[in-house]
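First comes the structure, then the notes that go with it.
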């Protein structure tokens, strides 16, 4: 006769540990993968996942970890199941909100949406009044970034990474071609 050598709650302990171990890989790969999958179209030069997406996905994974941990620590009873279910629903809401946030740049326009924003904002290059590129020094831990100022007063900040660096020339050319202002500011280490 075989005896069960574990309790059901130990399965949740293993799931919590696995969630904790695979979270860094998930947080690094999924936000950009989701943005590329949902928002890439022919002619899009850049699909960018803002850094807030990574934090929101991380918070969602933490809620999943918390739900599994509660099922392990409080044993499997009605209260712990309800709390874990609320954590799971909360993580789903966070994942959904993070998947809605993106920035795309094409030859004709810039389109973006924030986390949990209902509508996306789309601007043609002639609606960009000024782009300021803040170039950080080599020793500065902060990343260089672009600040787009639109004619309606909206501001978009885009941190530089390898993908943004690939469209640097397009940004400068498109703004200058549309009679906008492109300015580079060198920031020294403070």
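Brief remarks follow.
- Hey, residue 187 free of Cβ contacts under 8 Å to residues at least 40 places away in the same chain and either over 27 Å from residue 38 (Cα atoms) or under 21 Å from the mean Cα position of the chain (by Cα) (or both) or not: no
- Residue identified as under 24 Å from residue 56 (Cβ atoms) and assigned by TED's automatic domain parsing to the domain that holds residue 50 among 148, 95: 95
- For residue 182, the criteria (1) at pLDDT below 90; (2) within 18 Å of the chain's Cα centre (by Cα); (3) surrounded by 13 or more Cβ atoms within 10 Å (Cβ to Cβ) hold in every case but one, which is (2).
- Restricting attention to the stretch 82-106, the residues that are in contact with a helix residue (DSSP H, G or I) (Cβ under 7 Å, 6 or more places away or on another chain) and exposed (fewer than 15 other Cβ atoms within 10 Å of the Cβ) total 0.
- Of the strands (runs of 3 or more DSSP E) lying entirely inside the stretch 102-190, those containing at least 2 residues that are closer than 17 Å to residue 47 by Cβ span 102-106, 109-113, 121-124, 145-150, 155-159.
- Residue match in the stretch 169-184 (condition: under 17 Å from residue 36 (Cβ atoms), touching a strand residue (DSSP E or B) at 6+ places or on another chain (Cβ under 8 Å) and outside the structural domain of residue 57 (by TED's automatic domain parsing)): no
- Subset of the stretch 122-160 that is surrounded by fewer than 15 Cβ atoms within 10 Å (Cβ to Cβ) and within 17 Å of residue 35 (Cα to Cα) - its residue that is farthest from the chain's Cα centre (by Cα): 122
- Positions within the stretch 134-158 being within 12 Å of residue 171 (Cβ to Cβ) and touching a helix residue (DSSP H, G or I) at 6+ places or on another chain (Cβ under 8 Å), in sequence order: 146, 158
- Residue that is modelled with pLDDT of 95 or more, assigned to a helix (DSSP H, G or I) and surrounded by 13 or more Cβ atoms within 10 Å (Cβ to Cβ), where the choices are 71, 66: 66
The values are calculated or read from the model by the stated rules, or taken from the named source; none is laboratory data. Not measured: the values here are computed from a predicted model. Heads up, the Cβs are rebuilt from the backbone with ideal geometry, glycines too, and the neighbour counts pull from every protein chain shown.
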